[in-house]
Amino acid sequence: MEIWLNGNRRPFIATAVVLLVAALVCMLVGGLLLSAIVPRLIVLVVGIVASLGAVLLAFQTMRPRIAFAENTLHLYLDWAGVSQVPVEIVECFFLGQDGPHDCQDKSKRPVTAAVVIRLADRAKPWHRGHANPQIGLWEEGYITIRGSWAEPINQRVVERLNERLRAVHRAQATQPSPEPAAKP
């Protein structure tokens, strides 16, 4: 699998470090409370939960947002799942802007860069898909990946994505065309 766009590792790494330190402190405090069983159990449970949270966040840091394999874009728009889109229906990537989806006062919304994927008009079954609204949107033939959940996005990143897409499209043009993909 070829990674085209990495996830944003900075907040995950910082949070994972905090959770690991909290887990270690809980384990140490739990070990020192030998005489008090109930507080010791509470501290140990908190330590275990913090450890599991750190492991889950570490898993998220390893997940890309866009990857490519076997003529398919793999889009990681949810915490656990992956959506697969045939690359032949992807027309281009472009730089967009996005703010937090849950901010009511639009004048106070911080604007971040976003990667927008345009899908072909002929691919109607693919014009809507599932995405966690915190990570992105998938509607009306456009897939938006919020910049806060990806590596730093700028024009160079978008140009790199489009160059890679053109190379894949050229390679597909030299191969016999497969049957059109149907959306599952």
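The values are calculated or read from the model by the stated rules, or taken from the named source; none is laboratory data. These figures come from a predicted structure and were not determined experimentally. When the accessible area is computed, the model is the full protein with side chains, heavy atoms only, and any ligands, DNA or RNA have been set aside. Shrake-Rupley method; radii C 1.70, N 1.55, O 1.52, S 1.80 Å.
Values for this structure:
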| item | result |
| --- | --- |
| Rounded to the nearest 10 Å², the accessible area of Thr15 at probe 1.4 Å | 60 Å² |
| Exposure rank, largest accessible area first [Leu95, Leu44; 1.4 Å] | Leu95, Leu44 |
| Per-residue SASA entry for Leu41, accessible area with 1.4 Å probe, Å² rounded to 10 | 100 Å² |
